[in-house]
Every structure is written in C-alpha cells, then in structure tokens.
1. Give me the pairs, please: first residue somewhere in segment 107-128 and assigned to a helix (DSSP H, G or I), second residue anywhere and open to solvent by 50 Å² or more (accessible area, probe 1.4 Å) and at pLDDT below 80, beta-carbon distance under 6 Å, and either six or more positions apart or on two chains.
2. In segment 254-276, what residues are open to solvent by 30 Å² or more (accessible area, probe 1.4 Å) and either within 21 Å of Thr336 (Cβ to Cβ) or not in a loop (DSSP other than H, G, I, E, B) (or both)?
3. Residue by residue through segment 313-362, note down the ones that are polar (S, T, N, Q) and part of a helix (DSSP H, G or I).
4. Considering only segment 298-312, I want to know if a residue exists there that is touching a strand residue (DSSP E or B) at 6+ places or on another chain (Cβ under 6 Å) and either outside any helix (DSSP H, G or I) or crowded, with 23+ Cβ neighbours inside 10 Å (or both).
5. For a quick check of your reading of the model, give me the residue pairs whose first member lies in segment 368-396 and is in contact (Cβ under 8 Å) with a residue 24 or more places away in the chain and aromatic (Phe, Trp, Tyr), whose second is crowded, with 17+ Cβ neighbours inside 10 Å and assigned to a loop (DSSP other than H, G, I, E, B), with beta-carbon atoms closer than 6 Å and at least 6 apart or on different chains.
6. Determine if segment 201-209 includes at least one residue that is touching a residue at least 60 places away in the same chain (Cβ under 8 Å), within 25 Å of Lys153 (Cβ to Cβ), outside any loop (DSSP other than H, G, I, E, B) and open to solvent by 30 Å² or more (accessible area, probe 1.4 Å).
7. Pro230 is checked against (1) touching a residue at least 12 places away in the same chain (Cβ under 8 Å); (2) farther than 19 Å from Ala155 by Cβ and fails just one. What number does that condition carry?
8. Does Glu154 fit the bill of being of a type in the set (Asp, Glu) and surrounded by 22 or more Cβ atoms within 10 Å (Cβ to Cβ)?
Amino acid sequence: MIHRRSPLRAVVASGLVVAAAAAAVATTLSGGAVGVAAGAAGVAGASAESRNGDGPHAHLPLLELERRDLAARIAAAGPGETVHFEVSDWVAAMKNYHVELSPHELAVLSRGGTSEEVAAGLEEVRLAGNASVRAVAPPLTSGLCTTDYRTRKEAGDMWPGERWAWTQAMLKIHQLKGANNRSIFEQLVELHSTNAAEAHGSVQFLPWHYFFLIIVETALRAVDQYLTLPYWAWSRDALAPYNAPVWEDWFLGKTVSGQCIQTGPFVNFTTNVPVNHCVLRGFTSGPAPGGSMDFALEDEATVNALVADADLTFPEWSDTWEIAHGGPHLAVGGATVRGDMYRVSRSPNDPVFYLHHAYVEKVWRDRQAAQGASYSGTHRGTPVSVNDRLAPFDLPVWRAVWDRCVWYQPTTRSFPGGAPAASGRVSRSTRVRQSALLKEFFRSNGLADNVEKVDAAQEVLAKATEA
C-alpha cells in the first residue's frame, strides 16, 4: 500500500545512496547498468523467468543506440539536408531497453516505503538468489545508475556556455527535418499531443512525463552528448514570475502578451504543430507595472510544505501536484490569449514547457526523498501498480518511479526581490478565482477528470500555504 510515514533520510542531497543500499537497488533497477556474468555473486540463482523478458539492449541507457545513430546522421548532413528521424521509431525501440524484474523484486517495489526499506527488501531478494540477471557488482558511486548519469540544473545556475549550448541544440532539432517534413522538435511536440489522455489526469502523469523528457533530452544529446535539460524553479519567482531571469534575452526571451517571442535565441520561434504559427505567450515580461501574468503561482514555501506532507497518499499527492502544475501553463499561455502553453495540443512548442516539466519532476523526486518512493495502491477506485505499462512507451512504471540516472541539482539562485513573506502568498480568496480559471483550463483541454480534482487540490494547497 501507499507509504505514509516519514523516512529515515539516508539518501543524501546529492542523490547518492550508501554503498550497501546502492548495490542492492542497482542490482535490480539500473537500466543503464553494465551486466555481469550469470555466475557472478548474487545472481547465480536468478530465475530464467527473470531473464526472458529482458530487451536486447537492456544493458544500455534508454535509446542509446538511437541517439548514436541520430548523432551520426546529424554530423554527416549537409546544409539544408534532411535528417531521417521518426519519433514513432524511437518509441517502438524503447521496449528493447526493458529490464525484466523477478516477481520477488516487483513485490518489494509494490510495497513501497523509504529508500532504506526498499533497498533492504531488494537485498534480501538478491541474497536469496531471486534477483534479476541485470546485476552489477558493488561498490557504486551514483545511486541506481552506473552509466549515462545526468545532472539537471536550475536555469539560473547554468553557466552562460551551458545555456547557449542548450538553446542552440533546441534550435538545431527544430531545423532538422524528418518524417513528413516535420522537424525532430515538431515530432516530439506531436508525441505529447497525441498521447494527451495517457499523459494527464491519472497517477501516470509523472511517470509518463519522465519518459517524455528522457526522449526529448536524448534527442538533444544527439546534437551535444553532454547536454541535459534545465529546470525553472518558478516557485522561487512567485512574487513576480513575469520578471523571472528565464525571460531575459540570453535565454527564453522577452514577451508581449499575444505576440511572438520578442528577443533572444527563440525570437519569432515558429512551428507547424498543429498549424504554422509563431509561438504565442499570454503575458508580458519585465518588471511591474508593465510586466504581468493572469495567474499567481505557488511559492516555494507552499511547494516545500506539499513535499513534506506525510498524510497524503501518493495518488492524492500526485493529483494535487498535477493541478498545481497547471498554474504555469495558464500563467504563461494566458487565460485570455490562450497561447501555446495554455493548450495541451501545442504546449511543448514553447521552450519553457521543458523547463517547467523538469521542475515538476524535480519536486516529485524531492517528495520521494522526503516520503519514500511509493506508487502502488488505488487511484480513484482503480488499482495501480509499479508494473503497469505506460502507453505508448511499453515500459513499466517502476522504471520511472525508481530512476536515479537523473539528478536534480538543488538551486542556489537567489529569490528576485527577496524571499516572499507569508502575506504575499496565494490567499484563499485568490484561490477561488484561480479554481475557476483552472477548471476552464482543464475543461477546454478535454481533461474532465482534472476538472473534478481542482477544488480538492486547491484545499490541499491552501493548507500547505498556511502551514
């Protein structure tokens, strides 16, 4: 069942796990791990059942062969030359990287609990000879991951060269045409829009977007193998998100409500999803009174209180966080203009989408560190399990829930204008208005289940604000 009590915090801020726990968990979960011989210590008793379901590339990071192939094609392409890429091929290939866990391991993951409890349970499975063949030898130095370790930084903590490299890679995958004259970037946008029902409105919201971000990040790493997605800690900018550093010329660019992006690398950024248009934002950037947004964002203290709430089951927490994540979509897209970020069918057209969803995932990882990485249980009357398969990726939820190949570096960026005082946080009266806006946002995007969750989520967030 869903874990409810506070953890023993042996997982340190860097995401590393003490050697014994790391070895135990990595033995079963590291999709990028380097396999050892079947006769190696701890796996001699691995059952044939645990091996038969392994994909042919289970020993490699997700989509590593596809990344290498695309990188070679990009390097060989001449100016204006088409580079073959079909996102459907990448999605179909993901199952080739599947790591099959034994029933004993799945039982441990289904129980959930703190990292220590899960690691101890998996160690018992290993010592009993019932572990997956995807074992690796200790000691490890990077948690559950031995290869393809990725550090994602807050945008304000990136070096100027890192920001420049990311923007140039984003522009590159948008320039390169693939299937049906759609750029690599546009095909990734379409992957999100055509799977909107699978990606939203359920407890799979966070695992689904984990895989989506991995695909996007891997495509970027075909341009520059050292790149990772940045995140935008928008809760840190809650006092004036329209004046956040991400909107500067050197990054996502200034904006005027209802107009194309005004400045920066993405100036006049145009896409063909669903039709040819320049990316629109529904707010005006810059300091007040000129700068403004239609929607107030949750501040960092509220988000931290939500993370620390040990009384919420994971499905309850996930529902609340999904509703809260709608705030930046609404604020950037605009309740009146309804620009790209407002619409599920086109929100990934705006580069800020990826920074926003990376932060959404970061807060999920923070919650796991605080409350345990639980998942299985009941969501709105329907049983859910870490072994459920996510469409269209055909990979199990546990792969996303227990990932440790991605680490979110805590931000050291200062609060613009100072940390917000309690008096400046979202009031209950403001929440009444915002609830109506959120319901219309989800309703207009065809997410009826989320409309029903708004009031309950706003009550949880109000209590977190008052904590």
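1. Every condition considered, the pairs that remain are Glu116/Leu8.
2. Lys254, Val256, Ser257, Gly258, Gln259, Cys260, Gln262, Thr270, Pro274, Val275
3. Result: Ser318, Thr320, Ser347, Asn349.
4. no
5. From residues that are in contact (Cβ under 8 Å) with a residue 24 or more places away in the chain and aromatic (Phe, Trp, Tyr), the pairs are Tyr375/Val386.
6. no
7. Condition not satisfied by Pro230: (2).
8. When the stated conditions are applied, Glu154 passes them.
The values are calculated or read from the model by the stated rules, or taken from the named source; none is laboratory data. Fair warning: this is a prediction, and the values are worked out from it, not measured in the lab. Glycine gets a Cβ as well: all are built from the backbone with ideal geometry, and neighbour counts include every protein chain shown. Only protein heavy atoms, including side chains, enter the accessible area calculation; ligands, DNA and RNA are left aside. Shrake-Rupley method; radii C 1.70, N 1.55, O 1.52, S 1.80 Å.
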